[in-house]
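The values are calculated or read from the model by the stated rules, or taken from the named source; none is laboratory data. The model shown is predicted, which means the values in this text are computed figures rather than measured ones. Methodologically, a virtual Cβ is constructed for each residue, glycine included, from the backbone with ideal geometry; neighbour enumeration extends over all protein chains shown.
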Amino acid sequence: MRTQGVLFDLYGTLIVYGEMDKAWDAWYQVIYDTFRMNGLSLDTAGFRPFCGGFFERPEPAYAGDELTAVERRLHRLAQEMDVVIPREQALRAVEQSLDVWHDYVHLDPEAPAVLEKIGRNRSLALVSNFDYAPYVQDLMSRWNLEPFFDAILVSDSVGVKKPHPGIFEQALRELDIPAANAIHVGDSQEDIEGAAGAGIRPVWIDRQRKDRWRAKPESDVMRISSLTELLDLLD
C-alpha cells in the first residue's frame, strides 16, 4: 500500500546527539545551583547521586495541577531533598537546564531537505517522548521545522509515552490516515516496538550501525543509517 504518512521521532532521529557527558554535566549544574539557592546543604558530589535516573524514573502521577511532566519530576526531587523551590524558579531552572543541554545536540543537516521532499505528497507528524512540550514547540519554531509537520505530538501533552500505542494512534487520527499506510522513523526500541504495536511499519535509523537494543529487533524491521536513505524507501 502507498505510504500516505510518515511519523518521525525527534531526539536521535531528526536531532543528532553530540558530547552527551558534557551535556548532562551542564544540565546537572543548573539543577544543583537552583537547589543550593533554596537551601540544599549537600555539595555537588553529594547531590549528584540523587539526580541519577531523573528522567528514567516513573513519571510522578498527575495531581490535577498545571505542571508539565518535568516540573513534576523537579518537584518530587525537591520534596525528597526537603527543599522548597518557588514555581517561577523551578520553571526557570527547567528552561535553563534544557538550554545548556541542547548546546551539545544539533539538527541533522539532512533533515530540512528530507522533510521538504517527503512532505510534498505525504502527511508528516512528529512523535516525541519529552517531558516539557513547550520546549519542543519552541525548538521546532527556532529551527524552522514546524511548517513541515501536519501534527506535532509530545508525550508531556498527550499523556502517554512511546512505546504506548496511544501516542501513535493520536498521530494517525490527526493525519487522518490508517496505520497500514504509515511508517514511523525512530532510533530507539520504544520507537520500533511502539509503532509496530500500533500497526505502523517501523523504520529504525541507526547512524552508528551499533546494536544498542536491549533485545534485537525483528529481522524484517527496515534499517537506515541516514535520513537521506529514507527517500529511497519511499520512492
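What to note about this one:
- Look at (1) crowded, with 17+ Cβ neighbours inside 10 Å; (2) aromatic (Phe, Trp, Tyr); (3) within 28 Å of Phe168 (Cα to Cα) and you find that Trp143 fails only one, number (1).
- Residue within the range 75-90 that is of a type in the set (Gly, Ala, Ser), surrounded by 14 or more Cβ atoms within 10 Å (Cβ to Cβ) and in contact (Cβ under 8 Å) with a residue 60 or more places away in the chain present: no
- Residue in the range 64-71 that is part of a helix (DSSP H, G or I), in the same structural domain as Trp24 (by TED's automatic domain parsing) and more than 30 Å from Ile192 (Cβ to Cβ) present: no
- Any hit, the range 17-32, residues being closer than 23 Å to Phe148 by Cα and either surrounded by fewer than 14 Cβ atoms within 10 Å (Cβ to Cβ) or at pLDDT 95 or above (or both): yes
- Identity of the residue in the range 163-206, β-branched (Val, Ile, Thr) and within 17 Å of Phe130 (Cβ to Cβ), that ends up surrounded by the most Cβ atoms within 10 Å (Cβ to Cβ): Val185
Results for (1) more than 10 Å from the chain's Cα centre (by Cα); (2) within 15 Å of Asp191 (Cα to Cα); (3) of a type outside the set (Ser, Thr, Tyr), shown as yes or no for each residue.
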| position | (1), (2), (3) |
| --- | --- |
| Asn129 | no, yes, yes |
| Asn144 | yes, no, yes |
| Gly159 | yes, no, yes |
| His164 | yes, yes, yes |
